[in-house]
Amino acid sequence: MSDRLRVAIVGSGPAGFYAAAAMLDADVPIEVDMIERLPTPWGLVRLGVAPDHPKLKTVSRAFERIAAKPGFRFLGNVEVGRDLVHTDLVRLYDAVVYAVGSQTDRRLGIPGEDLRGSWSATEFVAWYNGHPDFQDIAFDLNAERAVVIGNGNVALDVARMLALTPEELAPTDTTDPAIEAIGASTVREILVVGRRGPAQASWTTQELKEMGELAGADVSVDSADLELDAAGEAALEHDTNTRRNIDVLREFAEREATGKPVTLRFLFFRSPVAIHGDGKVEAIELVRNRLEEQDGRLVAVPTDERETVECGLVFRSVGYRAVALPDLPFDERRGTIRNEGGRVVHDDDKPAAGVYCAGWIKRGPTGIIGTNKKDATETVALLLEDVRAGRVRHREDVTADAVEATLADRGVRAVLYEGWTGIDELERAAGEKLGRPRVKLRTWDELLDAAERVAQTPAEALSEPGR
């Protein structure tokens, strides 16, 4: 019988993997079960990073090395809240780390938001990346104008993906239905709309520069929107990324149209107040904003100036939001599990013994992939501190067999890491024939069938080094 501390990590994105690495490299002997509702790991690295950004996906190689460490076990196709609940986890493990991310999108809260043709960026990104929950959606991209609401990198991803030519999409791992739909799209103008000014946009400069390098789209910016006020000029003084972004936008503003089939326009100081249409999107109403300092931050305040823009598609990219988990304290305002540095705390601020969180569910949907490494390491440091202080300790009845027995009793067939590698190899082999990184399996049945070909029981897998 192992006397290693047994920890469950719920979620297999970057935060989950970095937490696993910090635990498996610690001087305390630990076994990690990574629990994931999908049959595939990596979270948004697989299902959120834009397909035309393959370099960002190479971080998965680090995750593969982490998965090869002794004491690591992947349990895919196991949903917390359905197959296991929080009380199961605290019974079956010595400690639990929630790294479930932010699974849904923030709403605009305006009339017409649910008209046909109005989509969240979350849905669109998941669809073109092959998330099995989103493959039955029929995206009709036959519209003259599309409007993307938001000034973050995801908004740029959505706008760029809409503008890519079939030749640009061909070498990516975009799903085949998405390549076909985008290639056949009649969109000729894409508006990227931000509620504040260019100095407050949260893009990274490299993402912004790429918008001016598209084979089939001209880029356009109104130079009047780039005349900065005192606050904007101050931002240039202290923020290198903002300064570079403004330089890129000024270069865009000086460009002449070259006659490419699509025009991509940036609009600033505008917020949507309504989406109009008879059963489907036909226009969006925007209000002009001015910036006002409130409590030390610049806030977009609506004016009396409004405009209605005809369009057939609206993509809402105003941020992700986490979903509350049953039996866990949740901060509705921040959209996170209540925590202090990664220790989950009850409403009375008392720590929930042996329960932690990392990543977006801990801090909110901010930062880049690498931000999660520091974040997860901070959480694990607290867990190890609690172990050394005797607040978290191994219990004899906490075993791998107990987890396996519980899953078996509930008819749950976990996909182990070997099952994932079977999926991975099949996708890569299909992609190699076409000069693509992979051709993704897109449905639950396809994914589970591929995983079953190399199926083992969890106990057999755990007995193997690195699994």
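Only the coordinates and a few stated rules stand behind these numbers; no lab work does. Just so we're clear, the structure is a prediction, and the values are computed from it rather than from any experiment. Counting neighbours? That spans all protein chains shown, and the Cβs are built from the backbone with ideal geometry, glycine included.
Normalising the average separation of contacting C-alpha pairs (under 8 angstrom, six or more residues apart) by the number of residues puts the relative contact order of the stretch 106-318 at 31 percent.
Entry note: the chain has Rg to Rh equal to 0.99, where both radii use alpha-carbon atoms and Rh is the Kirkwood radius. Shown here for the stretch 225-257: trypsin sites (Lys or Arg not before Pro) in loop regions (DSSP other than H, G, I, E, B) with at most 16 other Cβ atoms within 10 Å, namely Arg255. Using the average count of surrounding beta-carbon atoms within 10 Å as a protection proxy, the listed peptides 356-362, 112-118 rank, highest first, as 356-362, 112-118. Taking Cα atoms, how many degrees apart are the long axis of helix 371-388 and the longest axis of the chain, rounded to 10 and kept between 0 and 90? Once rounded, one gets 30 degrees.
Only Cα pairs under 8 Å and 6+ residues apart enter the sum, and on that basis the relative contact order of the stretch 30-146 stands at 31 percent.
Put a plus charge on the Cβ of each Lys and Arg, a minus charge on the Cβ of each Asp and Glu, and nothing anywhere else: the dipole of the chain about its Cα centre is then about 620 debye. To the nearest ten degrees, helix 14-24 and the longest principal axis of the Cα atoms of the chain are 30 degrees apart. Would you mind checking the pairs Lys209/Lys260; Lys209/Lys433; Lys260/Lys440; Lys209/Lys374; Lys69/Lys374 and listing those with alpha carbons more than 24 angstrom apart? Listed pairs above 24 Å: Lys209/Lys433; Lys260/Lys440; Lys209/Lys374. Considering the dipole of the stretch 106-318 built from charges on the beta carbon (Lys and Arg +1, Asp and Glu -1) around the Cα centre, which of Thr242, Ala231, Val221 is farthest to its positive end? Toward the positive end, the furthest listed residue is Ala231.
In the chain, helices alone account for a calculated mean residue ellipticity at 222 nm of -9500 deg cm²/dmol, with every DSSP H run of four or more residues adding -39,500 (n - 2.57). Between helix 400-409 and the chain there is an angle of about 70 degrees, using the helix long axis and the longest principal axis of the Cα atoms. Applying both filters, DSSP loop and at most 12 other Cβ atoms within 10 Å, to the trypsin sites (Lys or Arg not before Pro) of the stretch 397-456 gives Arg410, Lys433, Arg453. For the chain, the relative contact order works out to 23 percent when only alpha carbon pairs closer than 8 Å and six or more residues apart are counted.
Comparing Cα centroids, the stretch 219-287 and the stretch 27-61 end up 33 angstrom apart.
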